[in-house]
Amino acid sequence: MHPDAELDALLDRVPVLQGVPRVVTELAGGLTNQNLRVQTSGERPGDYVVRRFRGDPELLGIDRDAEHVNTCAAAEAGAGPAVVDYLPDVGLLVIAYIDGVTYDNSSFDDPHNLQRAARACRRLHTGPRFSGEFDMFARQAGYLRTVQTHGYRLFDGYADHLDAFARVGQALAVRAGPTVPCNNDLLAGNFVDDGTKVWLIDYEYSGNNDACFELGNTSTECELDADQVEALTTAYFGRSSRSRLARVRLQALVSAYGWSLWGAIQSAASSLDFDFDGWGQERFDKAAAGLTSRRFEVLLEDVTRDD
């Protein structure tokens, strides 16, 4: 079957898309999904995003049913787009299209955007609990087992930092608070500004987690500088806090060290034409630099403070 005919047949499986004229446009991004904007006209006009799952969910620790449930919860919180349909048998999640500007890293150069991003995170975090927990320490251990079991290439020197990574976990546990529903993968492209508010999209790694992991992951994925990380943290919590800032900075290292293994797995297992090895190496290099920096010991001390 021709690829276009195959796609048409697949979209015909979605009730809201059946029997009406439609225009399909592939959206940029999506390393574990093909994202399609589908605009319908005629009797049932609408504007949707069809997420077509791809990749090996078991290798990457993706739970598609939880993604669906959590995308619904994010919509209920007013943080994410509405869910239109979910067809697990054919690997599709259909959500409402948000007509807005997708952020890139430079978007955070505007202090106002940092404030709005913080509000978007709080909106999500105060919404309904998610299905499942997300713990990067457990995920990192699982990813590492996958790399070792399959004989995938590991970044040179990766194991040298396992002890420091464990020390971070011990320090974070001292004053750990309750978890909140988190996206856990807020790179810049997952912030969409419709001019009124900022929406958060893409919940395939979502789960209940430390809010500071969300902020730390965002800070490293969006290449925020030290002042921007402090501004984001202060905006989120409503006041400056030395211990919370340390927590965000340490969680940024946790994020980079853990997600780097995602790149190692994808480099070996994915058929996509993308430099997963370079993607993972970049994150490992960030983590290694932070875990060996002069301020590392200070962060471990600060995160246990009561300020």
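Summary table
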| quantity | calculated |
| --- | --- |
| Selection count where residues are in contact with a His (Cβ under 9 Å, 6 or more places away or on another chain) and either of a type in the set (Ser, Thr, Tyr) or part of a helix (DSSP H, G or I) (or both), scope segment 72-105 | 2 |
| Residues within segment 283-297 that are within 18 Å of residue 243 (Cβ to Cβ) and exposed (fewer than 13 other Cβ atoms within 10 Å of the Cβ), tallied | 2 |
| Test for residue 132: is it on the phi > 0 side of the Ramachandran plot and at pLDDT 95 or above | yes |
| Any hit, segment 180-187, residues being surrounded by fewer than 16 Cβ atoms within 10 Å (Cβ to Cβ) and over 14 Å from the mean Cα position of the chain (by Cα) | no |
| Test: residue in segment 268-282 that is within 18 Å of the chain's Cα centre (by Cα), farther than 16 Å from residue 212 by Cα and buried (at least 23 other Cβ atoms within 10 Å of the Cβ) | yes |
| Residues within segment 7-66 that are hydrophobic (A, V, I, L, M, F, W, C) and either within 30 Å of residue 141 (Cα to Cα) or assigned by TED's automatic domain parsing to the domain that holds residue 142 (or both), tallied | 6 |
| Long-range neighbours under 8 Å by Cβ, at least six apart or interchain, first residue on the phi > 0 side of the Ramachandran plot and not assigned by TED's automatic domain parsing to the domain that holds residue 200 within segment 106-119, second assigned to a helix (DSSP H, G or I) and modelled with pLDDT under 95 | none |
| Meets criteria (basic (Lys, Arg) and assigned to a loop (DSSP other than H, G, I, E, B)) for residue 283 | no |
| Candidates 37, 52 - the one that is closer than 18 Å to residue 10 by Cα, crowded, with 16+ Cβ neighbours inside 10 Å and of a type in the set (D, E, K, R) | 52 |
| Test: residue 245 is farther than 26 Å from residue 95 by Cβ, surrounded by 22 or more Cβ atoms within 10 Å (Cβ to Cβ) and over 18 Å from the mean Cα position of the chain (by Cα) | yes |
| Strands (runs of 3 or more DSSP E) contained entirely in segment 152-214, each with at least 1 residues that are out of contact with any Leu (no Cβ under 7 Å at 6 or more places or on another chain) and over 27 Å from residue 243 (Cα atoms) | 191-193, 198-200 |
| Looking only at segment 223-232, and only at residues there that are touching a residue at least 60 places away in the same chain (Cβ under 8 Å) and within 18 Å of the chain's Cα centre (by Cα), the one that is farthest from residue 289 (Cα to Cα) | 232 |
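The values are calculated or read from the model by the stated rules, or taken from the named source; none is laboratory data. For clarity, every value in this text was computed on a predicted model and none was experimentally measured. Here the Cβ is made from the backbone with ideal geometry for all residues, glycine too, and neighbour counts use every protein chain on show.
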